[in-house]
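Reading through the structure tokens given below for one structure.
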Amino acid sequence: MPAKPARPKRPDHGTVAAPRRAARLMPAAQAEAFIRALATTNPAPQSELLYHDTFTLLVAVVLSAQTTDAAVNRCTPALFAAAPTPAAMAALGAEGIGPYIRTIGLWQGKAKNVAALARDLVDKHGGQVPGDREALEALPGVGRKTANVVLNIAFGQNTMAVDTHIFRLGNRCGLAPGKTPREVEERLVKRCPPDLLRDAHHWLILHGRYICKARAPECWRCVARAFCNYRDKVLAPPL
Ligand code: SF4
């Protein structure tokens, strides 16, 4: 029987795309060290979305689905100036909202949702954003991830909003492998030290967005590298 060909050496530099393979689950102490390492880089993390109160935060998060925060931030100052309250946004209506947000993905559906959620806030919640999950998720265009962001930032709850960056990161590095965002969320909530949980979603989103990128993670400048179980780390920048 012919001998099997030798396995190619794993890339250790940035010139070869790293294969995507699931990492083994980190032990709890390693998971904590990983998150604490990220925390050192940004002790007071903030959302990158522009907003000025709970209502405008909710609208910005709804608009950010499948779109970058930067794209949303280019639209929202003018939109929020025109309609700073739920009553004003409901009065503007989908047709009035649309022209402000035409440059972001799925803008037509989002315009309808923002108008409808503003109307619901006026009709059912006295013009206030509710602070409980069930009521938030009943609003048009608001799913679990959006509710988690609002509950975390505006209401101080220890929620974990799993977006595409956190889902990738949780699986790639072994922090919280899971087949669905909900699985990753539940694992992260269990594994994050309680004192870090509220800020952890910011650290993980920012880490996924700027360092542990989808195509090629920039492991050479990752502060949590020593605690990461990803087997194909990219240890030098592309030439
Ligand atoms: S070492 Fe690389 S793969 Fe692991 S978390 Fe850091 S950037 Fe991501």
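The values are calculated or read from the model by the stated rules, or taken from the named source; none is laboratory data. Fair warning: this is a prediction, and the values are worked out from it, not measured in the lab. As a convention, Cβ positions derive from the backbone with ideal geometry for all residues, glycine included, and neighbour counts pool all protein chains shown.
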remark   = Within the range 190-212, of all residues that are part of a loop (DSSP other than H, G, I, E, B) and within 8 Å of the ligand (Cβ to nearest atom), the one nearest to G178 (Cα to Cα) is C212
query = Which one of the conditions (1) within 21 Å of A70 (Cβ to Cβ); (2) surrounded by fewer than 17 Cβ atoms within 10 Å (Cβ to Cβ); (3) in contact (Cβ under 8 Å) with a residue 12 or more places away in the chain does R168 fail to meet, given that it meets all the rest?
reply = (2)
inquiry  = Looking at the range 61-75, can you tell me whether even one residue there is small (G, A, S) and surrounded by 17 or more Cβ atoms within 10 Å (Cβ to Cβ)?
reply    = yes
ask   = If you take the residues in the range 224-239 that are among the aliphatic types (A, V, I, L, M) and within 8 Å of the ligand (Cβ to nearest atom), which one is farthest from the chain's Cα centre (by Cα)?
value = V234
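Evaluate the following for R231: is it modelled with pLDDT under 95, farther than 16 Å from R36 by Cα, among the charged types (D, E, K, R) and surrounded by fewer than 19 Cβ atoms within 10 Å (Cβ to Cβ)?
Values: modelled with pLDDT under 95: yes; farther than 16 Å from R36 by Cα: yes; among the charged types (D, E, K, R): yes; surrounded by fewer than 19 Cβ atoms within 10 Å (Cβ to Cβ): yes.
Here the answer is yes, as R231 does meet what is asked.
One line per residue, one yes/no per condition, for (1) at pLDDT 95 or above; (2) not in a loop (DSSP other than H, G, I, E, B):
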residue	(1), (2)
A6	no, no
Q30	yes, yes
P45	no, no
T67	no, no
P84	yes, no
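Could you tell me whether L139 is over 21 Å from the mean Cα position of the chain (by Cα) and in the same structural domain as V62 (by TED's automatic domain parsing)? Give the derivation first.
Details: over 21 Å from the mean Cα position of the chain (by Cα): no; in the same structural domain as V62 (by TED's automatic domain parsing): yes.
Spelling it out, it is not the case that L139 is over 21 Å from the mean Cα position of the chain (by Cα) and in the same structural domain as V62 (by TED's automatic domain parsing).
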